[in-house]
Amino acid sequence: MAEPRASGGGGRTSATDQKAVRGWLARLARGSRFWIWSAVAAGTVAGVATIIQMILLARIIHLGIIDEVPVAELTPFFLGLILALAVRALGQGFQTQLAARCSEQVRRDARRQIHKHWQATGPVALDQPSAGTLAREWIDHVEALHGYFARFLPQMGLSIIVPLMILALVFWLDWLAGIFLVLSAPLIPVFMALVGMGAEKVNQQHFETISRLSGQFLDKVRGLTTLQLFGQTAGAAELIRQRSDHYRRITMKTLRVAFLSSAVLEFFASVAIAVIAIYIGFGLLGYISYGPSAELTLFSGLLILLLAPEFFQPLRTLSQHYHDRAAAMGAGAEILARLSRPVGSHWSVDLADAAAISDVIELNSVSKVFGTDQQVLKELSLTIRQGDVVALTGPSGGGKSTLLHLLAGFLAPDTGTIQLFGQAPGSFRFGWLGQKGFLVQGTWADNLRLTTPDASDIAIATALRNAGMGPLLDSRKYGIHSAVSEDGHGLSGGQARRLSLARIFLANYDLILLDEPTAGLDSDSEVFVLEALHKLAVAGKTLIFSTHHQALLTLANRILLVSGGEVRDARPEAVAESHLQAPGASGCGRFPDPRHPALRHCPARDFQLVYH
């Protein structure tokens, strides 16, 4: 299920939240200030060209009708008009291009912030929210910022600069008409703000709803097989239908507010232009003699009429783009909620104080507590030599996975320090294999090149054979280019695990961490994994793995018992005694034939303990 939002309820944000979102958007804009002002400058050039265009058009009409100037003598004015149109088009084109460049940089910065937060959160905590929610934040929420930075922000500057230029010219032509423009201009921003208050809340609900719907839909698709097995597909489909219908209503509400705001603003702009037109018309007819109206000419009156729509146009465009601001505020609130979530302690290494490169892994007084009172590890001090093969065993929930996550840098300890061969966890290159292998849509080669992009086909084939996939590789028509999906379609669970294990052979890591590498595998797959790990151990790699299987325990030259927050060395005989199992169970004891290939690595003393 998609996680609920941390702040607010029902899609409503407090004034403090809105202020925080505005501050975050302002910080993003600060890094792209050059592109924003360049877009404003290009728009200003287009605005100046528009004013010149209207002046030339009014002049041509006045000379042609009132002064009856021949068309041939008006050629320079027509050429100037064409030039003004070309400059206006170029200015608008450059404005769009520069604004898009600004938006591109801002979205890159936003994704960089999200990526850094994901890194700081770590794969363990990041696995809690739905992948659908994270994908929506990464893709759609960030894309929703485009309109704000590409259209709204540049238009804010243009809605001040261009109207002021037009207003100055109108005041010079007729100060009474200029007063009408001044009095009517504030109506648009006022109503834009009033409508925008509701638009921000609606957009907040829109983004929250689609985030949850995405997470729920992805969860249902991933668990489709389970739902079918338990006959719950009808209930799941009904839930998705209800959520989709709720999203439909929110979307229609958002569109209704957007259309309503546009209609209101267009109405007031049209009324203001109509008032100016009435004044100019009655002034030219001589019905108004107050102020400068007696001095109106066809040129000045027509120019004022032509400039009046252009005076309101930047404000109308700003109102049209105001929903981009509302969308950015809604998306920004969701993104900021993610960025504001607390993360674990950051690993940091002062190079001046870091220990020299050594051949040991050291943990000094390491403690880790989950929640308020669940202490998993207590004052753990441990030293592991390079080349050791260490098995972590003990009861479930004892802290084996937590210890591996600490070594990998996925979690940071509450107290104490950890050094991996003189380096901090997270900064040291290592191999990892969890209980579920990670695959991407593509081929076997694509999956292995995730860690080694420049690996040759021969190296990939060798790594697959080392992982026990040689017979399967030979049986496939396309070899290393055989297709595989992210859920392992085309491979069994054991084969998918070995495909992930082959990455470790290919990347040639010095340190390899494995969390229950044989969990959930059949006996044949266990044999292959055991053979592969033995090859890594013989190659002098440092292996640290958690397991309950006796066959894996016999690979280790050191066994650590993790239980009750403590980690202590255990005698192999004692561990073997604690893992005595009936024939058919997992471990060395599952193989009835002592000559089974998987038992070639079991020391004789352990074998005798299992089969006494």
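The values are calculated or read from the model by the stated rules, or taken from the named source; none is laboratory data. Every value quoted in this text rests on a predicted model; they were computed, and no experiment measured them. Ideal geometry is used to build each Cβ from the backbone, glycine not excepted, and the neighbour counts take in all protein chains shown.
When restricted to residues that are of a type in the set (S, T, N, Q) and touching a residue at least 60 places away in the same chain (Cβ under 8 Å), region 255-278 contains 1.
Scanning region 465-496 for residues that are in contact with a Gly (Cβ under 7 Å, 6 or more places away or on another chain) and closer than 22 Å to Pro517 by Cβ turns up Leu473, Val484, Gly493, Ala496. The set of residues from region 25-64 being hydroxyl-bearing (Ser, Thr, Tyr) and either in a helix (DSSP H, G or I) or without any contact (Cβ under 8 Å) to a residue 40 or more places away in the chain (or both) comprises Ser38, Thr44, Thr50. Among the candidates Ile335, Ile288, the residue that is of a type in the set (Val, Ile, Thr), in the same structural domain as Ser214 (by TED's automatic domain parsing) and assigned to a helix (DSSP H, G or I) is uniquely Ile335. If we keep just the residues of region 222-271 that are under 30 Å from Gln320 (Cα atoms) and among the aromatic types (Phe, Trp, Tyr), which is surrounded by the most Cβ atoms within 10 Å (Cβ to Cβ)? Of everything passing the filter in region 222-271, Phe268 is surrounded by the most Cβ atoms within 10 Å (Cβ to Cβ). Of Ser319, Ser293, Ser300, which residue is crowded, with 18+ Cβ neighbours inside 10 Å, under 28 Å from Ala150 (Cα atoms) and touching an Asp or Glu at 6+ places or on another chain (Cβ under 9 Å)? Matching residue, one of Ser319, Ser293, Ser300: Ser319.
Only one of these is assigned to a helix (DSSP H, G or I), in the same structural domain as Gly281 (by TED's automatic domain parsing) and at positive phi: Gly93, Gly147, Gly178, Gly122. Name it. Among Gly93, Gly147, Gly178, Gly122, only Gly122 is assigned to a helix (DSSP H, G or I), in the same structural domain as Gly281 (by TED's automatic domain parsing) and at positive phi.
Out of curiosity, is Ser345 modelled with pLDDT of 75 or more, closer than 30 Å to Pro129 by Cβ and surrounded by fewer than 16 Cβ atoms within 10 Å (Cβ to Cβ)? Spelling it out, it is not the case that Ser345 is modelled with pLDDT of 75 or more, closer than 30 Å to Pro129 by Cβ and surrounded by fewer than 16 Cβ atoms within 10 Å (Cβ to Cβ).
If you go through region 65-85 and pick out every residue that is without any contact (Cβ under 8 Å) to a residue 12 or more places away in the chain and not charged (D, E, K, R), you end up with 9. Of note, Leu392 does not satisfy the criterion of being outside the structural domain of Lys116 (by TED's automatic domain parsing), in a helix (DSSP H, G or I) and touching a residue at least 12 places away in the same chain (Cβ under 8 Å). Is it true that some residue in region 416-438 is surrounded by 20 or more Cβ atoms within 10 Å (Cβ to Cβ) and of a type in the set (Val, Ile, Thr)? Yes - at least one qualifying residue is present in region 416-438. For the residues Asp140, Asp174, Asp127, the requirement of being in contact with a Ser or Thr (Cβ under 9 Å, 6 or more places away or on another chain) and either surrounded by 23 or more Cβ atoms within 10 Å (Cβ to Cβ) or modelled with pLDDT under 80 (or both) singles out Asp174.
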